[in-house]
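What follows is a set of notes on a single structure, which appears directly below.
The values are calculated or read from the model by the stated rules, or taken from the named source; none is laboratory data. Just so we're clear, the structure is a prediction, and the values are computed from it rather than from any experiment. Backbone-built Cβ (ideal geometry, glycine too); neighbour counts: all protein chains shown. Ligands, DNA and RNA are excluded from the accessible area calculation, which covers all protein heavy atoms including side chains. Shrake-Rupley method; radii C 1.70, N 1.55, O 1.52, S 1.80 Å.
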Amino acid sequence: MRTESSAIDRTGIAVSTEPTAGLPPRSPAPSDRRSGTLQAALGVTAFSLTFPATAWGLEGFGPWSLVAVRCVLAAVVAGGCLLALRVPRPDRRHLAGLAVVAAGVVLGFPLLTTLALRTSTTAHAAVVVGLLPLTTAVFSSLRTGARPSRMFWLAACAGAAAVIAFTVQQSGGAVTGADAYLFGALLICAAGYTEGGRLARLMPGWQVIGWALVLCLPLSVPGALVALSYEPVRLTAHSVTGLLWVAAGSQFLGLVVWYRGMASIGIPKASQLQLAQPLLTLVWSVLLLGERLTPAAPLTAAAVLVCIALTQRARS
């Protein structure tokens with residue numbers, strides 16, 4: 001068996017030189033846990049603004065244009081950072097993982113959630129996406145061999161059950177087209193988060209999302225040109241602000257701190273911090289969009305917030 005451990009070479013890329021396959025992850029030091037938790041929490045805060053910003057963006061852009069242009073703008077920012085710091089291209093062995101990140105986080109999740117938000121309120125979409133932490137924990141367990149405790153799984157499943165009950169109640173017992181988009185987004189985003197968190201142990205987190213964005217340029221640039229030629233564009237303060245936030249905040253900066261946090265405290269625990277995201281998004285939907293909440297929305301968000309506390313107290 002090849003032995004590897006984690007070391008930073010002169011390019012700034014962490015090279016693993018310690019055995020990882022088949023072995024449980026080492027517990028991070030308390031200071032690393034605090035730093036990792038803070039960074040993951042900052043990522044969740046950035047993500048909580050994604051749906052309101054997307055709703056603003058849809059006021060002036062079509063769904064396909066909004067997704068394609070946000071990918072291009074984020075890739076320009078990321079590519080500029082990579083060039084300025086003369087970061088070498090990633091190793092071939094990392095390309096498959098970066099492709100999963102690109103497909104799940106850069107393209108798939110933004111597109112499916114944007115399509116869903118054409119007919120769904122941001123509050124409803126936010127609570128449905130509350131299933132993402134459990135989905136990510138399952139993917140992480142399968143992909144990296146992480147083995148959270150029974151208490152962790154019980155709390156995570158309780159949060160997921162609250163979200164499912166909310167979705168069924170809101171849709172009158174049937175899954176809507178918007179819900180189908182959202183559930184599909186959960187699966188591909190969880191795969192992208194898991195692979196990105198794994199790669200962030202081998203290279204800096206900002207390089208993970210940076211290279212994933214750059215890999216998408218051959219698709220996002222022509223996609224943006226085609227979409228903009230077919231979908232009308234109406235530039236307003238809301239639409240431009242929404243576009244800039246989902247491109248720079250959600251698509252790049254938020255993922256930078258998110259992947260760093262996952263690498264530090266582990267994918268399962270970091271993913272459960274995202275149970276707080278629906279509650280934050282509900283607040284933004286009221287403050288920024290003027291949406292009216294049903295009583296079930298804040299109650300469900302509060303229930304998953306309790307679950308997040310239990311998952312963070314559970315032993316990994």
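Before moving on, here are some points about what is shown:
- Matching residues in the range 56-88 - criterion: being among the β-branched types (Val, Ile, Thr) and more than 21 Å from the chain's Cα centre (by Cα): Val87
- Selection status of Pro218, open to solvent by 40 Å² or more (accessible area, probe 1.4 Å), out of contact with any Cys (no Cβ under 8 Å at 6 or more places or on another chain) and either of a type in the set (Val, Ile, Thr) or not in a helix (DSSP H, G or I) (or both): no
- Count of residues meeting criterion [open to solvent by 30 Å² or more (accessible area, probe 1.4 Å), assigned to a helix (DSSP H, G or I) and touching a helix residue (DSSP H, G or I) at 6+ places or on another chain (Cβ under 7 Å)] in the range 224-242: 3
- Meets criteria (modelled with pLDDT of 55 or more and small (Gly, Ala, Ser)) for Gly12: no
- Output for the range 115-144, where each listed residue is β-branched (Val, Ile, Thr) and either crowded, with 24+ Cβ neighbours inside 10 Å or in a helix (DSSP H, G or I) (or both): Thr122, Val127, Val128, Val129, Thr135, Thr136, Val138, Thr144
- Test: residue in the range 162-180 that is in contact with a Gly (Cβ under 8 Å, 6 or more places away or on another chain), open to solvent by less than 10 Å² (accessible area, probe 1.4 Å), among the β-branched types (Val, Ile, Thr) and farther than 30 Å from Leu85 by Cα: yes
- The C-beta contact set for the range 239-261 (first residue over 10 Å from Gly43 (Cβ atoms), second residue open to solvent by 60 Å² or more (accessible area, probe 1.4 Å) and among the charged types (D, E, K, R), distance under 6 angstrom, 6+ apart or interchain) comprises Ser239/Glu59.
- Qualifying residue in the range 89-104 (condition: among the β-branched types (Val, Ile, Thr) and either at pLDDT 90 or above or open to solvent by 40 Å² or more (accessible area, probe 1.4 Å) (or both)): yes
- Within the set Val67, Val127, the sole residue that is out of contact with any Leu (no Cβ under 7 Å at 6 or more places or on another chain), in contact (Cβ under 8 Å) with a residue 40 or more places away in the chain and among the hydrophobic types (A, V, I, L, M, F, W, C) turns out to be Val127.
- The residue pairs whose first member lies in the range 47-61 and is among the charged types (D, E, K, R), whose second member is not in a helix (DSSP H, G or I), and whose beta carbons are closer than 8 Å, counting only pairs six or more residues apart or on different chains, are Glu59/Arg234; Glu59/Thr236.
- Any hit, the range 194-203, residues being assigned to a helix (DSSP H, G or I), over 27 Å from Leu131 (Cα atoms), in contact with a helix residue (DSSP H, G or I) (Cβ under 8 Å, 6 or more places away or on another chain) and open to solvent by 20 Å² or more (accessible area, probe 1.4 Å): no
- Applying the condition of being of a type outside the set (A, V, I, L, M), touching a Leu at 6+ places or on another chain (Cβ under 9 Å) and open to solvent by 10 Å² or more (accessible area, probe 1.4 Å) to the range 40-50 and asking which residue is farthest from Ala227 (Cα to Cα) yields Thr45.
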